[in-house]
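Input: a single structure, listed below in structure tokens.
The values are calculated or read from the model by the stated rules, or taken from the named source; none is laboratory data. What you are looking at is a predicted structure, and each value in this text was computed from that prediction instead of being measured. Reconstructed Cβ throughout: ideal geometry from the backbone, glycine too, with neighbour counts over all protein chains shown.
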Amino acid sequence: MARSHTPIHTLGFPRMGANRELKFALESHWRGDSTAAELEAVGADLRARHWALQRDAGLDFVTVGDFAYYDHVANHIQLLGCEPARFGFSGQEPELARYFAMARGVNAGHEHNAHNADCSCGSASTQGQPALEMTKWFDTNYHYLVPEFSAATQFQIASERLFDEVRQAKQAGHAVKAVLLGPLSFLWLGKEKQAGFDRLSLLDSLLPVYESILARLKTAGADWVQIDEPILGLDLPDAWRHAFEPAYWQLARSGAQLLLATYFSPLQENLRLACQLPVAGLHVDAVRAPEELVGVTDWLPAHKVLSVGIVDGRNIWRSDLDAALARLRPVADKHQGPLWLAPSCSLLHVPYSLAQEDRLAPEIKSWLAGAVEKLAELRTLQAALDGQNASVALAASRAACASRRTSPRVHRADVALRLARATADDDRRSSAFTQRQAVQKDRLKLPLLPTTTIGSFPQTSEIRAARAAFKRGTLDAAHYRAQMEAEITLAVRQQEALGLDVLVHGEAERNDMVEYFGEQLDGFAFTANGWVQSYGSRCVKPPIIFGDVARPAAMTVDWTVYAQSLTARPMKGMLTGPVTILQWSFVRDDQPRSTTAHQIAWAIRDEVVDLERAGIAIIQIDEPAIREGLPLRRAGWKPYLDWATRAFRTTASGVRDDTQIHTHMCYAEFNDILPEIAAMDADVITVETSRSGMELLKGFGGQGGADSFNYPNDIGPGVYDIHSPRVPSVEAMVQLVRKAADVVPLERLWVNPDCGLKTRGWAETQTALGNMVQAAQQLRREL
Ligand code: GLN
Ligand code: ZN
């Protein structure tokens with residue numbers, strides 16, 4: 001049965017603009033080169049353009065409220081008037097100034113941002129305030145500013161911004177759907193800043209404010225309000241689940257038409273709840289949870305709107321529209337009420353457009369879709385469901401999908417064969433850790449508490465200029481090589497002078513730890529302009545893994561061998577692990593993530609073996625992103641961790657016992673996955689710990705409480721924070737190592753910074769590392 005009209009809409013649209021206009025406007029404003037009014041003009045122009053684009057794409061509503069000058073959760077904090085009291089705002093400051101103060105921290109000699117938010121430079125207590133903490137939005141690489149809650153938190157409508165935007169869209173003649181983060185997700189995403197306080201207790205005072213916001217949105221002309229409650233896809237405590245019904249009954253009094261939006265993971269035990277809340281419609285993510293569509297049509301009352309997120313908002317592949325229609329048709333037949341089509345989630349997580357990527361092979365380009373192209377896909381699906389002729393667009397989609405299914409660029413027999421032939425031994429070192437430890441000791445002859453760094457040294461403007469010139473072709477290979485070798489020599493001489501025990505080459509030749517490898521591996525493609533917002537004005541351009549991954553040639557061996565030739569001390573080979581490469585790329589959707597991870601693992605394993613063969617005794621395989629790959633639902637953790645740790649072990653297990661494998665992790669607490677980290681069986685792990693004053697290390701020593709764990713191998717807990725230019729004293733680092741020694745036996749401890757030093761300057765790096773080496777020496781003398 002053809003429907004007369006199937007409305008289409010989007011949950012959100014990328015904010016930055018086709019050419020990252022917002023980024024440049026923000027950075028100009030932050031530098032003091034443009035006024036707030038000039039910035040606001042750029043914002044208004046982008047919104048107007050993006051709304052017009054949505055209308056021209058045939059969307060039934062434009063989405064208003066997805067725009068933000070930093071992050072939409074930060075907007076929400078201002079809308080609800082709950083800016084943390086610690087900023088001491090008088091209320092007289094302009095709204096945008098307060099907003100950037102929360103996002104970026106306040107004046108204290110150096111900028112505070114997410115990566116030094118709890119910098120202990122001492123300024124916070126005097127003139128400055130650190131920014132709000134920033135954390136990943138669910139399992140995306142988008143970061144939001146974390147609301148701070150305490151018993152003193154109060155809510156009231158404190159910003160006109162959202163209502164103004166709705167009015168602007170109405171004035172431009174658009175039908176408007178406003179978007180608002182739902183009250184329960186908003187509270188869930190925040191953090192208690194008071195011991196013993198439960199942020200859910202704020203719900204009662206929050207709801208009346210939501211009621212007024214909804215009423216005002218209606219008055220301002222919003223036909224619909226999309227209210228986002230993505231936490232319905234999480235394992236929620238009962239108190240939170242049970243809070244939904246009364247909360248939404250209260251919001252229903254506002255009279256606004258609500259579309260409850262869920263995304264990113266299956267609703268499972270919350271499916272009935274989501275279907276039965278007193279709202280006018282429900283959006284579900286049919287890409288992440290296609291199996292739930294039938295259940296939703298069973299439970300959703302017949303009069304409600306069902307919005308099906310059918311186009312993948314998290315990945316850059318062109319949709320298989322035949323498959324999408326096959327999935328939609330039974331839903332269209334069964335659901336009596338209105339059916340809407342949308343991307344699975346906001347399009348914030350994909351590039352603006354990939355239509356101009358003319359440097360990509362045309363075949364590969366034909367497989368991709370950015371936000372603009374995804375809107376066009378919705379239009380085609382709409383036409384097909386409404387019984388209009390969509391055959392040309394459907395045929396183009398069919399041809400692209402067929403080419404991707406069969407292309408030799410994608411499928412390589414040699415790669416498939418290699419994975420098929422892998423045996424259970426391939427992901428296991430030949431001997432147990434204690435045995436390896438003994439032969440490594442013999443070979444490396446390191447002192448107690450060996451000192452090392454995590455890999456990168458300061459990336460000076462000369463280094464960046466040389467890399468850029470080489471890429472552009474204005475610096476030839478010989479000169480580039482000579483300049484990089486000079487940088488390596490400098491790094492080696494510095495490390496020797498500082499007295500470090502295990503050296504690194506400094507990573508001058510790498511602009512990014514994933515891109516560097518992706519560019520040399522088969523199966524990866526790179527866009528010219530495929531930017532995605534990560535936080536604030538910062539955008540990333542993730543590599544695209546489109547095909548079977550293989551390593552045509554060695555990637556790091558020459559640089560590493562050169563570096564080792566300069567010194568008698570051990571030089572670490574430096575690689576990025578398979579899970580991190582996977583996690584920070586757009587990944588194939590035509591095979592399981594685990595298969596792609598294993599293909600990368602075998603390619604990196606070849607590099608590990610080549611490094612060993614070239615005489616390198618220590619090889620570090622960084623996996624900073626292993627924790628962020630955890631699925632949103634607990635039930636998915638074990639299967640993920642099984643394949644992720646197996647992929648890591650596969651890269652690490654091709655070497656002899658006397659080759660020492662290191663890994664490195666940062667950006668997260670790891671205590672809840674310690675047994676799995678131990679199962680990676682690296683000989684040495686270096687972890688970020690200094691900012692927690694070694695608290696994070698407790699779990700590693702079996703002292704983290706009842707079910708804590710005794711980590712068996714060597715550990716290098718970071719003894720200084722590399723996110724701040726502050727130089728830690730010898731004494732401070734001695735104290736931290738002492739604290740670490742309470743948890744981990746000295747014989748298994750290393751001394752190193754929290755992470756790589758590429759964002760630091762040389763002067764502070766030298767002083768800090770000098771102090772670090774002195775700290776280790778002092779401790780050795782005391783023993
Ligand atoms: N080896 C990398 C570096 O030092 C590790 C970076 C990271 O962990 N994020 O820069
Ligand atoms: Zn790190």
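Check off (1) of a type outside the set (Phe, Trp, Tyr); (2) more than 16 Å from ligand 1 (Cβ to nearest atom); (3) under 23 Å from Phe138 (Cβ atoms) for Glu688 and give me the number that stays unchecked.
Glu688 satisfies all of (1) of a type outside the set (Phe, Trp, Tyr); (2) more than 16 Å from ligand 1 (Cβ to nearest atom); (3) under 23 Å from Phe138 (Cβ atoms) except (2).
Only one residue in Ala528, Ala508, Ala553 is of a type in the set (A, V, I, L, M, F, W, C) and buried (at least 17 other Cβ atoms within 10 Å of the Cβ). Which one?
Going through Ala528, Ala508, Ala553 in turn, just one is of a type in the set (A, V, I, L, M, F, W, C) and buried (at least 17 other Cβ atoms within 10 Å of the Cβ): Ala508.
Name the strands (runs of 3 or more DSSP E) wholly within the stretch 106-189 that hold at least 3 residues that are over 22 Å from the mean Cα position of the chain (by Cα) and at pLDDT 95 or above?
176-181
Could you list all residues from the stretch 739-772 that are away from ligand 1 (no atom under 16 Å from the Cβ), free of Cβ contacts under 8 Å to residues at least 60 places away in the same chain, farther than 20 Å from Leu696 by Cα and small (Gly, Ala, Ser)?
Ala763
Can you say whether Lys698 is assigned to a helix (DSSP H, G or I), over 14 Å from Thr452 (Cβ atoms) and not β-branched (Val, Ile, Thr), as far as the supplied structure shows?
Judged against the criteria, Lys698 is a match.
From the residues in the stretch 362-389 that are without any contact (Cβ under 8 Å) to a residue 60 or more places away in the chain and of a type in the set (Gly, Ala, Ser), which one is surrounded by the most Cβ atoms within 10 Å (Cβ to Cβ)?
Here the residue is Ala369.
Only one residue in Ala732, Ala740 is part of a helix (DSSP H, G or I), of a type in the set (Gly, Ala, Ser), at negative phi and surrounded by fewer than 20 Cβ atoms within 10 Å (Cβ to Cβ). Which one?
After ruling out the rest, the residue left standing is Ala732.
Within the stretch 648-674, take every residue that is over 24 Å from the mean Cα position of the chain (by Cα) and hydroxyl-bearing (Ser, Thr, Tyr) and give me the one that is nearest to ligand 1 (Cβ to nearest atom).
Thr659
Could you run through the stretch 745-759 and say how many residues are surrounded by fewer than 20 Cβ atoms within 10 Å (Cβ to Cβ) and either touching a helix residue (DSSP H, G or I) at 6+ places or on another chain (Cβ under 7 Å) or not in a helix (DSSP H, G or I) (or both)?
Here the count works out to 2.
Considering only the stretch 1-23, how many residues are part of a helix (DSSP H, G or I) and touching a residue at least 60 places away in the same chain (Cβ under 8 Å)?
2
Considering only the stretch 649-667, I want to know if a residue exists there that is buried (at least 24 other Cβ atoms within 10 Å of the Cβ), of a type in the set (Asp, Glu) and not in a helix (DSSP H, G or I).
no
Kindly check whether there is at least one residue in the stretch 519-534 that is in contact with a Cys (Cβ under 7 Å, 6 or more places away or on another chain) and part of a strand (DSSP E or B).
yes
Any chance the stretch 433-453 includes a residue that's at pLDDT 95 or above and within 16 Å of ligand 2 (Cβ to nearest atom)?
Within the stretch 433-453, one or more residues are at pLDDT 95 or above and within 16 Å of ligand 2 (Cβ to nearest atom).
Quick check on my filter: what residues within the stretch 459-501 are touching a residue at least 12 places away in the same chain (Cβ under 8 Å), part of a helix (DSSP H, G or I) and hydroxyl-bearing (Ser, Thr, Tyr)?
Tyr480, Thr489
I want to confirm something. Restricting to the stretch 485-523 and keeping residues that are more than 16 Å from ligand 1 (Cβ to nearest atom) and in contact with an Asp or Glu (Cβ under 8 Å, 6 or more places away or on another chain), which single residue is farthest from Gln564 (Cα to Cα)?
Per the stated criteria, the residue is Gly523.
Working only within the stretch 602-627, note down all residues that are within 16 Å of ligand 2 (Cβ to nearest atom), more than 20 Å from the chain's Cα centre (by Cα) and either among the basic types (Lys, Arg) or over 21 Å from Glu676 (Cβ atoms) (or both).
none
Within the stretch 628-680, can you find the residues that are within 16 Å of ligand 2 (Cβ to nearest atom) and in contact with a Pro (Cβ under 7 Å, 6 or more places away or on another chain)?
Phe648, His664, Met665, Cys666, Tyr667
Could you tell me whether Leu736 is within 32 Å of the chain's Cα centre (by Cα), in contact (Cβ under 8 Å) with a residue 12 or more places away in the chain and within 16 Å of ligand 2 (Cβ to nearest atom)?
No: the conditions fail for Leu736.
For the stretch 606-639, which residues satisfy the criterion of being small (Gly, Ala, Ser) and either assigned to a helix (DSSP H, G or I) or touching a Leu at 6+ places or on another chain (Cβ under 9 Å) (or both)?
Ala617, Ala625, Gly629, Ala635, Gly636
Do we find that Leu300 is over 17 Å from Asp590 (Cβ atoms), among the hydrophobic types (A, V, I, L, M, F, W, C) and out of contact with any Phe, Trp or Tyr (no Cβ under 7 Å at 6 or more places or on another chain) in this structure?
yes
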